[in-house]
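Single-structure report; data block below.
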Amino acid sequence: MSRIGKRPVELPTGVSASVSGQTVEVKGPKGARNFTATDDVTIKVEDNVISVEPRGKSKRARQQWGMSRTRVANMVTGVTDGFKKELEINGVGYRAQMAGNTLKLNLGLSHDVDYVAPEGVTVTAPKQTVIIVEGIDEQAVGQVAADIRAWRKPEPYKGKGIKYKDEYIFRKEGKKK
């Protein structure tokens, strides 16, 4: 039994869900999202509750059961609250600034990095050392944050680079004389 899969997903006020075949569509104050589940699960909407049930007892059906429930729960969270990742920039001369829809990163490279945010994801730089990535799709927000971080990952000696706000950088001791 999937402990995650058997818990139903509650729909908060202002959020509506509809199922047609294997496609679930969730609409809320921040937008609309849809997800097409595999044929291994059955999705039902009853009384502001979405429930996911496996079809059969195969290993794949049990795997898809919990995953499908989590995807539906993430869609409900996305259209109500949205998702947010914060990045911090550490290093002398490292900075970020917005120019329209483009994030300009100065990371000590021979050129500035221009990152254009994809549709559905909002990137802001309230300070020169802070980048905030927001959106209703958790996967897209995480991917954009990972793409930005990949330009200059934090190094273990001085901690210079782009890191997530809650990330711990394991520090190494430098050379000794």
_Anything in the range 1-11 that is modelled with pLDDT of 90 or more, under 21 Å from the mean Cα position of the chain (by Cα) and in a loop (DSSP other than H, G, I, E, B)? List them, or say none._
L11
*For the range 118-134, how many residues are farther than 15 Å from L87 by Cα and among the small types (G, A, S)?*
1
*For V72, work out the one condition from (1) surrounded by fewer than 17 Cβ atoms within 10 Å (Cβ to Cβ); (2) in the same structural domain as T38 (by TED's automatic domain parsing) it doesn't fulfil.*
(1)
*How many of the residues in the range 134-177 are touching a residue at least 12 places away in the same chain (Cβ under 8 Å), among the aliphatic types (A, V, I, L, M) and in a helix (DSSP H, G or I)?*
5
*In the range 124-152, what residues are surrounded by fewer than 14 Cβ atoms within 10 Å (Cβ to Cβ) and touching a Lys or Arg at 6+ places or on another chain (Cβ under 8 Å)?*
Q128
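Results for (1) β-branched (V, I, T); (2) in a helix (DSSP H, G or I); (3) closer than 21 Å to I136 by Cα, shown as yes or no for each residue.
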site: T13; (1), (2), (3): yes, no, yes
site: K27; (1), (2), (3): no, no, yes
site: R33; (1), (2), (3): no, no, yes
site: T38; (1), (2), (3): yes, no, no
site: T42; (1), (2), (3): yes, no, no
site: V52; (1), (2), (3): yes, no, no
site: R62; (1), (2), (3): no, yes, no
site: M67; (1), (2), (3): no, yes, yes
site: V76; (1), (2), (3): yes, yes, yes
*Among the residues of the range 82-96, count how many are over 22 Å from the mean Cα position of the chain (by Cα) and assigned to a strand (DSSP E or B).*
2
_One residue is enough: does the range 8-16 have a residue meeting the conditions without any contact (Cβ under 8 Å) to a residue 24 or more places away in the chain, within 23 Å of T80 (Cβ to Cβ) and not aromatic (F, W, Y)?_
yes
*asked:* If I ask for residues that are surrounded by fewer than 16 Cβ atoms within 10 Å (Cβ to Cβ) and either among the β-branched types (V, I, T) or farther than 15 Å from V76 by Cα (or both), which ones from the range 48-62 would you list?
replied: V49, E53, R55, G56, K57, S58, K59, R60
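The values are calculated or read from the model by the stated rules, or taken from the named source; none is laboratory data. Since the model is a prediction, treat every value here as computed from it, not as a measurement. All Cβ positions, even for glycine, are placed from backbone atoms using ideal geometry, and neighbour counts span all protein chains on display.
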